[in-house]
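Participant: I'd like to ask some things about the structure below.
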């Protein structure tokens, strides 16, 4: 019987969610940063741990760690055009 990578308890077939090549309990498959419950295949992974795609994974591991990877490229144009990006 496989063990859940989060709680280390046995995972029975009826409660199994398979993700990252392992079997999890549905409530145990959560984002490591914010705790949001994730769906199988609907999330990102870093060093074997699950993260929600946005905002956590993007903010922690994306370019510049900002979660808004190209905003720094638009900033000079935004200031010239008086445009607000919120």
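The values are calculated or read from the model by the stated rules, or taken from the named source; none is laboratory data. Just so you know, these numbers come straight off a predicted model, no measurement behind them. Cβ placement follows ideal geometry from the backbone for every residue including glycine, while neighbour counts extend to all protein chains displayed.
Participant: If residue 20 passes every condition in (1) at pLDDT 95 or above; (2) at positive phi but one, which one does it miss?
Facilitator: So residue 20 meets the others, but not (1).
Participant: How many residues are surrounded by 14 or more Cβ atoms within 10 Å (Cβ to Cβ) and under 26 Å from residue 62 (Cβ atoms) if we restrict to the stretch 12-35?
Facilitator: Step one: of the stretch 12-35, the residues surrounded by 14 or more Cβ atoms within 10 Å (Cβ to Cβ) are 15-17, 19-20, 22-26, 28-33.
Now drop any that are not under 26 Å from residue 62 (Cβ atoms), which leaves 17, 19-20, 22, 24, 28-33.
The qualifying residues number 11.
Participant: May I pose another question? Name the single residue that is modelled with the lowest pLDDT among those in the stretch 37-67 being touching a helix residue (DSSP H, G or I) at 6+ places or on another chain (Cβ under 8 Å), in a loop (DSSP other than H, G, I, E, B) and surrounded by 15 or more Cβ atoms within 10 Å (Cβ to Cβ).
Facilitator: 67
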